[in-house]
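Below is one structure, written out as C-alpha cells; comments come after it.
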Amino acid sequence: MTLSTKQKVYQEVIRELQRYIEVNNLNAGDRLPSERELAEKLNAGRSSVREALRALELIGLIETRHGEGTFLRAYRSYQTVELLSSFILRQENIKSELSITKKIIEKEAAKLACDRIGKTDFKELTFLTERNKDDPQTRHNAYFNYLFEKTENLLLKKIWLLMEEFSSAVNPQYYDESFYVNLTALFSEGDCTSIEELFLKLDR
C-alpha cells in the first residue's frame, strides 16, 4: 500500500468516526468503542483506526484512560493553536495574512451585530472599553467576544476565537481605544453603513 493510499484510508476512518459520534449523539465524557470494535463497525483495518485515534488524541478531541478505554473530551481550542503555531507560523506571510483575515472577520461581525444591538448593549460595550483601559488585549477580546455573541452565528464566533487565540500567542492584535469608542457610537446611532469606513481607517 502506498503512502497516498494509507493517507486516504486514515482520513476516511476519521470521517467515519466523526459520523459515528454524530449518529450516536456522543458527548464529552462518553466512551468510544474499542479499537477492535471500531475496526469492525467502520470496516477498516485496526492499524488505520489506531492512527486515526492517535491523531484525534493529539489535538485533544479524545483521551485514553489506562484500563478504562477511550473517551471523548470537551474541545479545547488552545491545543489546536499550539499545533498550528508549531507548523504554520514558521511562514512569515501567514502571520500578516492572519492579521488581515481576523480584521475582516471582526468587521463582518460588527456589521452583523449592528441591527441586533440595543441600549443595554451600548452600555455594556462602553463598560468593556473603559474597564480594560490598561489592558488593550483584554479589551479587544472582551469587546469582540460580546459582538460575536450578538451575531448569533456560532460558527463565525468559533472561527474568530481560534484566530484570536492564535494571534494572541504570536502577534497580539488590538486597536486604539478611540476605535472601540467610535464603533460603539455607530451602533448607538444605528449607522451600520459607516462601519466599513471605520475599519478602513485602521489601515491608514
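The values are calculated or read from the model by the stated rules, or taken from the named source; none is laboratory data. Every value quoted in this text rests on a predicted model; they were computed, and no experiment measured them. FYI the Cβ positions are ideal-geometry reconstructions off the backbone, even for glycines, and counts take in every protein chain you see. SASA here: full protein model, heavy atoms, side chains in, ligands and nucleic acids out. Shrake-Rupley method; radii C 1.70, N 1.55, O 1.52, S 1.80 Å.
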Answer from Lys111, Lys102, Lys201 - the residue that is part of a helix (DSSP H, G or I) and within 18 Å of the chain's Cα centre (by Cα): Lys102
Among residues of segment 173-184, those that are open to solvent by 70 Å² or more (accessible area, probe 1.4 Å) and not polar (S, T, N, Q), counted: 3
Inter-residue pairs, beta-carbon under 6 Å, first without any contact (Cβ under 8 Å) to a residue 12 or more places away in the chain and over 15 Å from Glu57 (Cα atoms) and in segment 18-42, second of a type outside the set (S, T, N, Q) and exposed (fewer than 14 other Cβ atoms within 10 Å of the Cβ), 6+ apart: Ala39/Arg46
Criterion violated by Ala169 - all others in (1) modelled with pLDDT under 85; (2) closer than 26 Å to Gly190 by Cα satisfied: (2)
Pairs, first closer than 18 Å to Glu196 by Cα in segment 158-183, second of a type in the set (Phe, Trp, Tyr) and surrounded by 17 or more Cβ atoms within 10 Å (Cβ to Cβ), C-beta under 6 Å, six or more apart: Tyr180/Tyr143
Cβ pairs under 6 Å, 6+ apart, first in segment 124-141 and modelled with pLDDT under 95, second surrounded by fewer than 16 Cβ atoms within 10 Å (Cβ to Cβ) and of a type outside the set (S, T, N, Q): Gln137/Pro172
Failed item, numbered, when Asp134 is tested on (1) of a type in the set (Asp, Glu); (2) within 21 Å of Lys201 (Cα to Cα); (3) assigned to a loop (DSSP other than H, G, I, E, B): (2)
Per-region count, segment 147-158, residues surrounded by fewer than 16 Cβ atoms within 10 Å (Cβ to Cβ) and assigned to a helix (DSSP H, G or I): 5
